[in-house]
Amino acid sequence: MSPIPLRRLPGFLSVLIRSGALALVAGAAVAVVAGSGSLAARASTPAQIPVTSYRSASCGCCKGWVQHMRANGFAVRDVVVADLPAIKQRLGVPTRLSSCHTAEVEGFALEGHVPAADVKRLLHSRPAVAGIAVPGMPLGSPGMESAYGKEPFTVLAFTRTGAISSFSRHPQ
Amino acid sequence: MTTPMRRRQVLGLGFAALGTAMAAPALWRRLPRFDALAEPTGAATLASHGGVADLELVAQSSAGTLPGGPREVLTYNGRSPGPLLEVKAGDEVRLRLRNRLDQPTNLHFHGLHIPPTGTGDNVFLTVPPGGTTDYAFRLAKDHPAGLFYVHPHQHGLSADQVFGGLGGALVVRGDLDRIPEVAAARESVLVLKDYASTSGEEAAMGVGRMLGREGPLLTVNGTINPELPVASGGLLRLRLLNASNARIYRLALEGHPLVLIATDGRAIGTPEPLEELLLAPGERADVLVQGNQSPGTYRLLTLPYRRSGHMGIADADQVPQTLATLRYAGTVAPLPLPTTLIPVPVLPEPERTRRFVLGHAMEMGGMGGMKYAMGGMGGGGTGMGGMGMGFQINGQAFEPDRIDTRVRLGSTEDWLLVNDDVMDHPFHLHVNPFQVISRAGRPESQRRWKDTVLVRAGEEVRIRVAFRDFPGRTVYHCHNLDHEDLGLMGVLQIDGQAS
Ligand SMILES: [Cu+2]
Ligand SMILES: [Cu+2]
């Protein structure tokens, strides 16, 4: 286990970190390990882990993510809410990491189109973070499958104090 | 003789900037890019003479010169934004487009009332890489004087090309320019355009194609924070064009109201002072600024604006950002504001109302690799060729060979634009301008001509359009060009005979 080398982070994060604007939480850094085949194997247990997902009524892609999670062994409760920002705030999701839906799993926040495999790794390694996020709505992420293309994206971990670190990159 | 010298200096700068961590092979791969600097940069303005505009635009990739900006920028005649095109109402316009890109491109004459067919504002034309096309049309003698926008409209590549740097302002001289108070003002065309950072990694913070790409570098006429001189007592006419791919500007000038005189290239009836001006991609506005404050400097700002809830909001977007700086210089006898401009006529009552629902959803159909049933997903078409996630109008993604809306030349219609989405969509109609009748059920206070209207998330906007002069096939679409490329466009067929 080694902390993430800075060069693996997106440039803007490295700058933030180097400038001292963000403190990397040790736990979060340790959690980020390249290659986790054994974790992936263990994560594919049939147990139905409960997830509560919150979205606004009009969102056209949140349901796709719910389907993705269900297909990967999570028991998802799909809740339509009027005040989504209030839920993001309660779960400590930094504003700039916002996506169109927010979920909760075993005390962690999941923001946006986070791949189920990342959720499983999060639950297995349990780093000292508030949750993980895929900001925006990357084309080709779970629930966003599209013939128009696939955008690379980074899953980011965040803490209650707003420290942000790279959790995984897709494609790796 | 000067070229090799210049090139060596440029390379030296390049090496210094790249630092020590870069491996040598990567350096060598980068070298050819600097060749682009040897390309001559064309004139800043191309104007018509004696009733004829003979213009040439060369689309190409050039080395980026913005500090912290992209290494390569797409340019017209070596410029981003492209040269200012200046023509007069009544002119014969001939514009040769040379495509030196490695992909097809074309041109849209955004806002001009010219035929959508043949060599006019024909967005179904494609200029292949290495190819050349001549656009040719005549502007009517009574064509409104105003600020228009020339940009690529190659479906699937529009956003890449505009975000990459292509696009420029086109000014039509005419009636509005002859109003004495307007003519006395010092004129400045301001093309607002944002560029990606060198790394382009802002997309990893969520500002990708679904939201519409924005870059952190805000420029005016390709420059960061240029100065706008104004004389004490003077009048400044700022002609604003949002030539950005997706960014919406909420403009305010410190200490000065912005006195609106034209919207989307057409004069309004009476000047209207504004504290703030919202400008979506494709929109234009002419404003007058009176130099009547204590001499000094005042910032032209873009204020925080949320176009997609909290999504894609960078820290920088949550505070005002400076676009340009107004600087007082010299004194002139005080110039007055105009009191009236050009009346905007009332359009006839509509013959019918159509409804256009804008949104994003999974489009169903022959999409391979869809692993799960999407029952209950909104808007999904059921025919062949579903695209999966994308944008749609009334549940259908853009299909160039399908006519979505058929209207009669000479008729007037109301279009109800319903944004059923979690993000804003600026709606643009080609060829014919329209008037906004109501927003969210509330009637608009002033009649204005528009060709692009911001329909905010969850909002309904009613527009009225008269289809005049030109039959043929054209389009309407979201002017967040990533949305357009991802399907938010429809085909309009105007049936009738040109008179
Ligand atoms: Cu346009
Ligand atoms: Cu849009």
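The values are calculated or read from the model by the stated rules, or taken from the named source; none is laboratory data. Nothing here was measured: the structure is a model prediction, and the numbers come from that model. Cβ placement follows ideal geometry from the backbone for every residue including glycine, while neighbour counts extend to all protein chains displayed. Accessible surface is based on the protein model in full, side chains and every heavy atom, while ligands, DNA and RNA are left aside. Shrake-Rupley method; radii C 1.70, N 1.55, O 1.52, S 1.80 Å.
Among residues belonging to the stretch B:192-216 that are part of a helix (DSSP H, G or I) and among the small types (Gly, Ala, Ser), point out the one that is nearest to the other protein chains (Cβ to nearest Cβ). Before the answer, list the steps.
First, the residues of the stretch B:192-216 that are part of a helix (DSSP H, G or I): B:201-205.
Then drop every residue that is not among the small types (Gly, Ala, Ser), which leaves B:203-204.
Details: B:Ala203: 7, B:Ala204: 4 Å.
Taking the candidates together, the pick is B:Ala204.
In this structure, B:Val172 does not qualify as out of contact with any helix residue (DSSP H, G or I) (no Cβ under 9 Å at 6 or more places or on another chain), within 27 Å of B:Arg96 (Cβ to Cβ) and open to solvent by 20 Å² or more (accessible area, probe 1.4 Å).
Taken over the stretch B:217-235, the criterion of being surrounded by fewer than 18 Cβ atoms within 10 Å (Cβ to Cβ) and either within 9 Å of chain A (Cβ to nearest Cβ) or in a loop (DSSP other than H, G, I, E, B) (or both) is satisfied by B:Ile224, B:Asn225, B:Pro226, B:Gly233. Scanning the stretch B:466-489 for residues that are of a type in the set (D, E, K, R) and within 14 Å of ligand 2 (Cβ to nearest atom) gives B:Asp482, B:Glu484, B:Asp485. Can you spot a residue in the stretch B:404-412 that is surrounded by 17 or more Cβ atoms within 10 Å (Cβ to Cβ), within 14 Å of chain A (Cβ to nearest Cβ), touching a Gly at 6+ places or on another chain (Cβ under 8 Å) and under 30 Å from A:Glu145 (Cβ atoms)? No, there is no match, as no residue in the stretch B:404-412 is surrounded by 17 or more Cβ atoms within 10 Å (Cβ to Cβ), within 14 Å of chain A (Cβ to nearest Cβ), touching a Gly at 6+ places or on another chain (Cβ under 8 Å) and under 30 Å from A:Glu145 (Cβ atoms). Select from the stretch B:117-147 the residues that are surrounded by fewer than 22 Cβ atoms within 10 Å (Cβ to Cβ) and within 16 Å of ligand 1 (Cβ to nearest atom) and write down the one among them that is nearest to B:Asn432 (Cα to Cα). It comes out as B:Gly120.
Each row is one residue, and each column tells you yes or no for (1) touching a residue at least 12 places away in the same chain (Cβ under 8 Å); (2) within 16 Å of ligand 1 (Cβ to nearest atom); (3) of a type in the set (A, V, I, L, M).
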residue	(1), (2), (3)
B:Gly472	yes, no, no
B:His477	yes, yes, no
B:Leu481	yes, yes, yes
B:Asp485	yes, yes, no
B:Met489	yes, yes, yes
B:Ala498	yes, no, yes
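For the stretch B:269-278, does any single residue satisfy the condition of being hydrophobic (A, V, I, L, M, F, W, C), within 16 Å of ligand 2 (Cβ to nearest atom) and assigned to a strand (DSSP E or B)? Yes; the residues of the stretch B:269-278 include at least one that is hydrophobic (A, V, I, L, M, F, W, C), within 16 Å of ligand 2 (Cβ to nearest atom) and assigned to a strand (DSSP E or B). Residues that are within 16 Å of ligand 1 (Cβ to nearest atom), aromatic (Phe, Trp, Tyr) and open to solvent by less than 10 Å² (accessible area, probe 1.4 Å) are absent from the stretch B:435-453 altogether.
The residue list A:Arg121, A:Arg126 contains one member that is of a type in the set (D, E, K, R), away from chain B (no Cβ under 13 Å) and crowded, with 21+ Cβ neighbours inside 10 Å, which is A:Arg121.
Any idea which of B:Gly330, B:Gly359 is surrounded by 14 or more Cβ atoms within 10 Å (Cβ to Cβ) and either at the interface with chain A (Cβ under 10 Å from one of its Cβ atoms) or more than 25 Å from the chain's Cα centre (by Cα) (or both)? Even if it seems obvious, please write down each step before you answer.
Details: B:Gly330 fails: surrounded by 14 or more Cβ atoms within 10 Å (Cβ to Cβ).
The match here is B:Gly359.
Among the residues of the stretch A:138-164, those that are out of contact with any Ser or Thr (no Cβ under 6 Å at 6 or more places or on another chain), of a type in the set (A, V, I, L, M) and either at the interface with another protein chain (Cβ under 7 Å from one of its Cβ atoms) or part of a loop (DSSP other than H, G, I, E, B) (or both) comprise A:Met144, A:Ala147, A:Ala163. Determine whether the stretch B:266-277 contains at least one residue that is within 14 Å of another protein chain (Cβ to nearest Cβ) and open to solvent by 50 Å² or more (accessible area, probe 1.4 Å). No.
Just wondering, is there one or more residues in the stretch B:308-315 that are away from every other protein chain (no Cβ under 14 Å) and surrounded by 12 or more Cβ atoms within 10 Å (Cβ to Cβ)? For the stretch B:308-315, residues away from every other protein chain (no Cβ under 14 Å) and surrounded by 12 or more Cβ atoms within 10 Å (Cβ to Cβ): absent.
Could you identify the single residue in A:Ala133, A:Ala103 that is open to solvent by less than 10 Å² (accessible area, probe 1.4 Å) and within 14 Å of another protein chain (Cβ to nearest Cβ)?
Details: A:Ala103 fails: within 14 Å of another protein chain (Cβ to nearest Cβ).
After applying the criteria, what remains is A:Ala133.
Looking at B:Asp420, B:Asp424, which one is at pLDDT 95 or above and away from ligand 1 (no atom under 15 Å from the Cβ)? Just one listed residue meets the conditions, B:Asp424.
Quick one: in the stretch B:148-169, of everything that is open to solvent by 10 Å² or more (accessible area, probe 1.4 Å) and part of a helix (DSSP H, G or I), which residue is farthest from B:Leu488 (Cα to Cα)? Don't jump to the end; show me each part of the working.
Within the stretch B:148-169, the subset open to solvent by 10 Å² or more (accessible area, probe 1.4 Å) is B:154-157, B:160, B:163-164.
Restricting the remaining residues to those that are part of a helix (DSSP H, G or I) gives B:160, B:163.
Values: B:Asp160: 16, B:Phe163: 17 Å.
Going through the qualifying residues, I end up with B:Phe163.
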